[in-house]
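First the structure, in the form of structure tokens, and then the observations on it.
What follows is calculated from the coordinates using simple rules that are stated; it is not laboratory data. Remember, predicted model here, so these are calculated numbers, not experimental data. Here the Cβ is made from the backbone with ideal geometry for all residues, glycine too, and neighbour counts use every protein chain on show.
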2 protein chains.
Amino acid sequence: MTDATHDPALRSWVSSANGHGEFPIQNLPLGVFAPPGGAARVGVAIGDVILDLAAAPVAEDVREAAAGPSLNALFALGAGPRKELRARLSALLAEGSGHRAALEPHLHRAADCALHLPARIGDYTDFYVGIHHATNIGKVFRPDNPLLPNYKHVPIGYHGRASSVRVSGTPVRRPKGQIKAPDAEAPRYAPCERLDYELELAVWIGPGSALGDTIPVGQAEAHVAGYCLLNDWSARDIQAWEYQPLGPFLAKNFGSTVSPWVVTPEALEPFRIAQPARPEGDPAPLPYLMDEADQSRGAFDLMLEVLILTPAMREKGMPAHRLSLSNARHMYWTVAQMVAHHSSNGCDLNPGDLLGSGTISAPDETGFGSLLETTRGGKEPVRLPSGETRRFLEDGDEIILRARAAREGSVPIGFGDCRATILPAN
Amino acid sequence: MTDATHDPALRSWVSSANGHGEFPIQNLPLGVFAPPGGAARVGVAIGDVILDLAAAPVAEDVREAAAGPSLNALFALGAGPRKELRARLSALLAEGSGHRAALEPHLHRAADCALHLPARIGDYTDFYVGIHHATNIGKVFRPDNPLLPNYKHVPIGYHGRASSVRVSGTPVRRPKGQIKAPDAEAPRYAPCERLDYELELAVWIGPGSALGDTIPVGQAEAHVAGYCLLNDWSARDIQAWEYQPLGPFLAKNFGSTVSPWVVTPEALEPFRIAQPARPEGDPAPLPYLMDEADQSRGAFDLMLEVLILTPAMREKGMPAHRLSLSNARHMYWTVAQMVAHHSSNGCDLNPGDLLGSGTISAPDETGFGSLLETTRGGKEPVRLPSGETRRFLEDGDEIILRARAAREGSVPIGFGDCRATILPAN
């Protein structure tokens, strides 16, 4: 990379940033935070602290767009101003910048701050581009027919619930719902007994598109503002009974969790890779989904991790236990293809819309992105270091998603935790 | 009805209201309009005119809530203030009220005004409670298994796209999308060839519920702010190919049309009826969906009509032709059951959320709510008075939905048109 903001030699006068596994000066993710006793505002994560963006001498349009308690207006500005902001922040925070004295009073210890949802979500769409997940789930719900005939032609997606998306750290209440055991004559209304997580990459939409317009796949990246982690909590028993014929509804909309820091496309630039070749015999994407540049650099080499911390582990002082290690490279469709497909019928996108990738599972069980897959529908419990087992989640369990990009010659970056604890049903 | 606002003898000093089939003084629906050259604001439809609500001497909380260009804040106030507002408006607009001179300057000819979306839609959920529609559609997509086993237990619903809902009068562009003929080897990306309407009743949510809370079915009506008509335009060829396994997506989200006037629960009070008895053998609703009062008065006797006006008919000066006459009584689940179910897992509802009923078809073909049903999947074209036929919609066709409530001893009311014209694909 010739871009100076990625220079591995670049160090910050914020000393905790240097060697920080997630937020070195090469990352600079944006978010919304509230310092103790203060109002919510836009900030930049750097090491263990957050810089209040309002205090930074940045371009006027950025300053105005970042004045409110959400990133929507900043997202709407698009790639040009965002790249300038990155270059400017990198210069301001670099060792020897001369701005240390002015900015230091506007740094807040992240651990003391409340983190908020980065943007007001207009619409939330969840895709299904993790092909190993789609195959695994398909086996549970449709043993004869795991991967449907449309899968390799259509970036399958559906609308989720925007209102119930919450930022990392917000507990999730176990839902109740209609559950029907396969051998039961009728359903009953009861607390979910098969509560699960889903490991997803989330995409924040920047500049939108007008109703009736389409976004060519080659221009789709210009509509992406950044990335987060997303846990699309799922009630498998509710889902199995309700999902035909119109798809998941109450099995999903009781809560979804996103990580607080929006990692920009610029920060992820060094970790882009070619879209993995389609297996021999897979159909070529239709022309509206096909772009050479996207194929050559549209995927990410981004490790995705799921950890669990149970009440017993917490009591014993044990660390969270890794349930899964996957990678964003297992997406069958690129983000550009998701965006192009979403608008291919003229559906309008808007700044602050959220797209989920769908669960990203690795090909084998060490990297499955949900318990439904890891425990094979609950039949093979996971054993935890505490001696406990889990078929599905229990009350008090905390699930932590993490993402980390690392590559020879680049400083590794992370996304920050996407975590939430399960509260018992009401 | 003992409520004076429904008195059939009640007349308005707005002369066009008396005998008006839709907006007599017994209706008083709320909406957002802009007079020529003016900004969007909240108004009340009365006869052929709209009263600017800001000019009416109403309660302070209502005045403040109605100050913006949307009904969200008014919806949030709930039933108490809304009922007081209705009583007050009825008194102000009644013959001999003494307010005529003060209010007359604030009446705007509806034909001169632009009508806006009544509220900012948070989330849009579409249900599937028209059982005749579900059965008919089921036959097309799943001949062996039209009505799935969950249908009579679960008020089936799914999330739709909020961003692409537009107010009546906004043209709808024919979508393009992936289409795969049953005998084709692969899909192609092309303009939809099976464009359809769907006749639905829409529900606006008033006071919401917090994430994690449930709304008991017996209290669900307190969360309803009012009703509109909804045309859930559908691309049947895109739908058939994309909808498995996660439900309709691009087949629906290119545009949905709502009528501009929000008819209040109070205005519909005289037209409530008992929920039709479930056929012998149908399962009883689970307790969380069962409320005696709701069963005895939770349905509506509300005629629902679909009309078409083609370019040829328009040229010949012919009136719109009725394609279908259905009735809201054909809903298998009540609105209270939809609301209770939606929140039964703790999903939060918010003021301005929009719920669609799903297509409401009558039991026979004179009242089918979509062309897919009326033409039996396109196999039996509809003949129009112009000599034309339609299997599905053609460019330039205008679809008009209307609703009318009429009952012995009450003044009939209507909803106003929900109409839109199809533009050719880009």
Exercise. Under Stokes-Einstein, with the Kirkwood radius over Cα pairs standing in for Rh, what whole-number D in µm²/s applies to the range B:338-412 at 4 °C and 1.567 mPa s?
Worked result: 80
Seminar exercise, completed: homo-copy label distances at residue A:68 (7 angstrom along Cα-Cβ), nm, one dp, ascending, are 1.0
Exercise. Can you pick out the pairs among A:139/B:139; B:180/B:252; A:180/B:152 whose Cα atoms lie more than 19 Å from each other?
Worked result: A:139/B:139
For this session: Could you give the C-alpha radius of gyration of the range B:124-423 expressed as a fraction of 2.2 N^0.38 Å, taking N as the number of residues it contains?
Result: 0.97
Exercise. Dipole size in debye (nearest 20) for the range B:6-110 around its Cα centre, Lys and Arg Cβ +1, Asp and Glu Cβ -1?
Worked result: 40
Exercise. Helix B:131-141: angle to the longest alpha-carbon principal axis of chain B, degrees 0 to 90, nearest 10?
Worked result: 30
Seminar exercise, completed: If labels are modelled 7 Å from Cα along the Cβ direction, residue B:142 lies from its partners in the other copies at nm distances, smallest first, of 1.1
For this session: Tell me the Kirkwood hydrodynamic radius of the protein assembly as shown in angstroms, computed as one over the mean inverse distance between distinct C-alpha pairs.
Result: 28.2
For this session: Between the alpha-carbon centers of the range A:234-261 and the range A:1-22, tell me the distance in whole angstrom.
Result: 39
For this session: Mind jotting down a quarter of the surface of the convex hull over the alpha carbons of the range A:256-318, in square nanometres, one decimal?
Result: 8.1
Seminar exercise, completed: Per the range A:4-116, sqrt(5λ) over the Cα gyration tensor eigenvalues, sorted largest first, in Å, gives 20, 17, 12
Exercise. What range in chain B is the longest one free of GluC sites (Glu not before Pro) that are in a loop by DSSP and have at most 11 other Cβ atoms within 10 angstrom?
Worked result: B:1-184
For this session: Just add up the charged neighbours of residue B:250: K/R +1, D/E -1, any other residue whose Cβ is under 10 Å from the Cβ of residue B:250.
Result: +2
For this session: Provide a whole-number value for the mean count of partner chain Cβ atoms within 10 Å of the Cβ atoms in peptide B:143-150.
Result: 2
Problem set entry | Within straight-line cross-link reach of residue A:316, aspartates and glutamates at Cα separation under 16 Å, skipping those fewer than 8 residues along the same chain | A:388, A:397, A:398
Problem set entry | Between the range B:27-89 and the range A:148-226, the Cα center-to-center distance that results, in Å | 36
Problem set entry | Tilt relative to chain B, helix B:79-93 - C-alpha long axis, 0 to 90 degrees, to 10 | 60
Exercise. What does the helix-only formula give at 222 nm for chain A: each DSSP H stretch with n ≥ 4 adding -39500 (n - 2.57), the total divided by the residues, and the result rounded to the nearest 500 deg cm²/dmol?
Worked result: -4500 deg cm²/dmol
